[in-house]
Amino acid sequence: MLRAIIRWAAALTLAGSAAVVAAKVPAAPPANPLLASWAGPYGGVPPFDKIRIEHFAPALVAGMAEQRREIAAITANKAAPNFDNTVLALERSGRLLQQAKVLYGVWTGSLSTAGFQKVQRQMEPKLAAFEDELAQNSRLFERIEAVYRSDEMQRLTPEQQRLVWTYRTGFVKQGARLGPKDKQRVAAINLRLATLATDFSQNLLADEGGQGLVISEAADLAGLSEGDIEAAAQEARRLGMKGRWVIANTRSAMEPFLARSPKRALREKAWRLFIHRGDKGDTNDNNRIVTEVLALRAERSKLLGFDTYAHWKLSDTMAQDPQAAMALMLKVWGPAVSQVNQQVADMQKLVDAEKGGFQIQPWDYRYYVERLRKQQLDFNIDELTPYLQLDKVRDAMFWAAGRLYGLRFEPVHDVPVFHADVTVYRVLGRNGEHNGLWYFDPYAREGKNSGAWMDSYRPQHRLGGDIRPIVSNNSNFKRGKPGEPVTITWDDAVTMFHEFGHALHGLCSDVTFPSLAGPNSVLDFGEFPSQVHEYWLPTPPVLAMLVNQAGQPLPKALVDKIERSRNFDRGFWKVEFLASALLDMKLHLEGAKPVEPRAFEKSVFAELGMPSAMAARHRIPQFGHVFSGDGYAAGYYGYLWAEVLSHDAFDAFVEAGDPFDPKLAKRFRDTVLSVGNTVDPGQAFRNFRGRDPEVGALLRADGFAPAAAPAKPAQ
């Protein structure tokens, strides 16, 4: 998932008024490290060692005040609006605020302690209010509109034109043309939405960090790996339950337990604990929040001139219209459900043969699908785990990036980090030049959001010099025993390559303006550069780098099994994802109709024919992508849209007979990774592939369509 910090003009989230921003917040002290220029090597680095929670509120307020002065200077300029005195001046504004927001975002995702959460509840409405203040600045919009419609527009470079278009589109989409009364209502809605998003996120974090499956008997650890058991012991110690084991209520802990434990009653208990995060009717329950958020989004969309929130959200994406996104999802849904139903039938035969006396339920699926994999393919996916040492998977990612793009990663120890878990690498280009920094934060801990994501601390750009990017990848892996390598699952390894693809998008960026730097892009294109990098994991040269603790490489028999099982269980993964994506889209197509989350979820799944033996990847009360903010709201489909692009793009390498074909790799970097949002996404894909994307590669890759004829090897 992409959590890059994007400038307000590229992804405006609106709320409130200027008066609220300034209310009773102390001025920033002179020594506030959040406001200081980044010092140190590599063009300056974040001052993580100097930051304290009490620095955030005054720094953010000071940053808003500075940008307010900068915007006032733009609008007071008596000269006729042009690119330099309006759009470029706007692009240069807000440096202090953006710097403070980047670091605030790190604490939000990775260090969300009780003390910081108080700051977050205080500042989120104020930040949203300030964004509204800018977006609803009529004089500023008039100047941008004047540049957009001027004769000068045609004389600008394509990148300058794209920057003007991006700002102008963002202002229009956020209601710059509304009358005063409607602007005021939009601002009030956004102020409330900012508070609700914070509440949703903190409720979910509380359910994940404060609860877990408690195991008291060693016999109940049957089937778990040594790493699983050690992680459960560490979690128990964290919760003051020495002598017991606790399976943390996070995806990275629960999914392996559900796949490995033969204890059906415990699997059910674990599954119910995980699936009801945010849905227990207690103080952390998110259902009421969801209902209010949907109503407010619908009202705002109507004010902005759109039928529904989904129509508003997709208006400037590749899909453009919700029906296009729905059509793609439903095209894949049917074949995926058919594959799931067949697998469930096969799993049920295993249960019946053992006289189990039960029907496959969602808490059984992962366990029995692994039994089925063993029966049909003679393959236990846990056989891969000893060869999936975290450090070796990381090194394999580095090697692939070097082979494709000429990048080299070297560890550095001369920069501060925000937690002892974090390691930092200097990224060098093909000729040894400094290309950027990559921070890696791999382990789960209290106060850290679950899942995996990429952050951009500093985008690449050329305003005021050759500014090199700083990016991070963040995961939630379980620690093993001290001194022993941490091993991960195959799915974890795929996720690492995915998130590293986001990082490479940022590291390979080559643009002038920070707002347009990779990975800033429209939602359904932004996941494309990350997803395509998943497909380099199972290539022979990468697999050859994966070794066990004794240094032995993956045996050829296991490599062959990986290839044979490429399409195995693809239906499950697609249905799990699409159930959430379709739910998201249908929620936001409801318009002003009141939504009760539990009833709506049940109704949609009945309408779709959701297999009863599995659950959606994200139920509504825990759907952080959609309700901890609106980044992926009515946009979760974007992963599938991007998957069409990524499979089709990778097919070019397949057709060339070499997954590391140097000419294709250079073309991919030049036409996709380096251009950020300076080029229309559809045109960027055509520049690489020579045509529009086709869905056939996705369907074939998932086993939902006949395989294409094998490509002729490159000569």
Rounded to the nearest 10, the angle in degrees between the Cα long axis of helix 638-656 and the longest principal axis of the Cα atoms of the chain comes to 70 degrees
Straight-line reach check, residue 50, cutoff 16 Å on alpha carbons, 8 or more apart in-chain or any other chain, hits among aspartates and glutamates -> 414
On full extension of the chain, what length is gained from residue 658 through residue 413, given 0.36 nm per residue of separation minus the C-alpha to C-alpha distance?
-> 84.6 nm
If r is the Cβ-Cβ distance from residue 557 to residue 683 and R0 is 41 Å, what FRET efficiency results, to the nearest 0.05?
-> 0.35
Cross-link reach from residue 349 to lysines, straight Cα distance under 16 Å and at least 8 residues apart if same chain, gives 374
Report ³J(HN,Hα) in whole Hz for each residue of the range 602-612, in order, from the Karplus equation J = 6.51 cos²θ - 1.76 cosθ + 1.60 where θ = phi - 60°; Gly and Pro get x.
-> 4, 5, 5, 5, 5, 4, 7, x, 4, x, 6
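With all protein chains present and a 1.4 Å probe, how do 355, 481, 593 order by accessible area, largest first?
Details: 355 175, 481 85, 593 130 Å².
From most accessible down to least: 355, 593, 481.
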Scattering from the C-alpha atoms of the range 221-349 alone, worked out with Debye: what is log10 I(q)/I(0) at q = 0.10, 0.16, 0.20, 0.21 1/Å?
-> -0.62, -1.00, -1.11, -1.14
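Just to confirm, what accessible area per residue do you get for the chain at 1.4 Å probe, in whole Å²?
Numbers: 27800 Å² over 715 residues.
On a per-residue basis, the chain sits at 39 Å².
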Quickly work out the residue 331-to-residue 354 label distance, labels modelled 7 Å from Cα along the C-beta direction, and quote it in nm with one decimal.
-> 4.0 nm
Space enclosed by the convex hull of the alpha-carbon atoms of the chain, per residue, Å³ | 163 Å³
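Once every DSSP H run of n ≥ 4 in the chain is given -39500 (n - 2.57) and the sum is divided by its residues, what mean residue ellipticity at 222 nm do you get, rounded to the nearest 500 deg cm²/dmol?
Numbers: 28 runs with 365 residues, N = 715.
Estimated from H runs of four or more residues: -16000 deg cm²/dmol.
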To the nearest 10 degrees, how steeply does helix 570-588 sit against the main Cα axis of the chain, on a 0 to 90 scale?
-> 40 degrees
So who's got an amide H within less than 5 Å of the one on residue 246, skipping anything under 5 residues away but keeping other chains? H placed 1.01 Å off N, in plane.
-> 215, 233, 235, 236
Could you give the length gained on full extension between residue 146 and residue 377, defined as 0.36 nm per residue of separation minus the Cα-Cα distance, in nm?
-> 76.7 nm
Any chance you could check the Cα centroid distance between the range 319-357 and the range 368-428 for me, in angstrom?
-> 30 Å
Between helix 251-260 and the chain: long-axis angle, C-alpha atoms, 0 to 90°, nearest 10 = 10 degrees
Roughly how many whole Å is it from the C-alpha centroid of the range 550-583 to that of the range 207-271?
-> 24 Å
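Would you mind giving the three semi-axes, in whole Å and largest first, of the ellipsoid equivalent to the range 143-237 according to its Cα gyration tensor?
Values: eigenvalues 602, 99, 10 Å².
Semi-axis lengths for the range 143-237 are 55, 22, 7 Å.
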Separation of the residue 219 and residue 153 label points, Cα + 7 Å toward Cβ, nm | 7.6 nm
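If the viscosity is 1.306 mPa s and the temperature 10 °C, what Stokes-Einstein diffusion coefficient in µm²/s follows for the range 409-461 when Rh is the Kirkwood radius over Cα pairs?
Values: Rh = 12.8 Å.
So the translational diffusion coefficient is about 124 µm²/s.
Going by average Cβ density within 10 Å per residue, which order do the peptides 643-652, 38-47, 148-157, 192-201 take, highest to lowest? If you can, show how the numbers build up before the last one.
On the way: 643-652: 22.8, 38-47: 16.3, 148-157: 13.1, 192-201: 21.1.
The densest-packed peptide leads the list: 643-652, 192-201, 38-47, 148-157.
Rounded to a whole number, what % of the accessible area of the chain do carbon and sulfur atoms account for, probe 1.4 Å?
Details: 14820 of 27800 Å².
About 53 percent, which is the carbon plus sulfur part of the accessible surface.
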Rounded if a/c under 1.5, otherwise prolate or oblate - the range 282-336, Cα gyration tensor axes | oblate
Efficiency by 1/(1 + (r/R0)^6): what FRET value for residue 567 and residue 666, r their Cβ-Cβ distance, R0 = 41 Å, to the nearest 0.05?
-> 0.85
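Listed here are the pairs 126/478; 392/448; 118/269; which of them are more than 30 Å apart at the Cα? If you can, show how the numbers build up before the last one.
On the way: 126/478 36 Å; 392/448 24 Å; 118/269 33 Å.
The pairs that break the limit, which is 30 Å between Cα atoms, are 126/478; 118/269.
With the cut-off at 1.5 for a/c, could you classify the range 352-484 from its C-alpha gyration tensor as rounded, prolate or oblate? Don't jump to the answer; show the numbers that get you there.
Working: a/c = 2.72, a/b = 2.24, b/c = 1.21.
Taking the square roots of the gyration eigenvalues as a ≥ b ≥ c, the range 352-484 is prolate.
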Using per-residue counts of other Cβ atoms within 10 Å, averaged over each peptide, order 241-251, 524-534 from highest down.
-> 524-534, 241-251
Amide H proximity to residue 487 below 5 Å, modelled H, separation 5+ or other chain, gives 390
Take the alpha carbon atoms of the range 656-672, find their center, do the same for the range 28-103, and report the distance between the two centers in whole angstrom.
-> 38 Å
Partner aspartates and glutamates for residue 663 [C-alpha distance under 14 Å; skip if fewer than 8 residues away on the same chain] | 655
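The values are calculated or read from the model by the stated rules, or taken from the named source; none is laboratory data. These figures come from a predicted structure and were not determined experimentally. Heads up, the Cβs are rebuilt from the backbone with ideal geometry, glycines too, and the neighbour counts pull from every protein chain shown. Quick note on the areas: whole protein, heavy atoms, side chains included, nothing else; ligands and nucleic acids left out. Shrake-Rupley method; radii C 1.70, N 1.55, O 1.52, S 1.80 Å.
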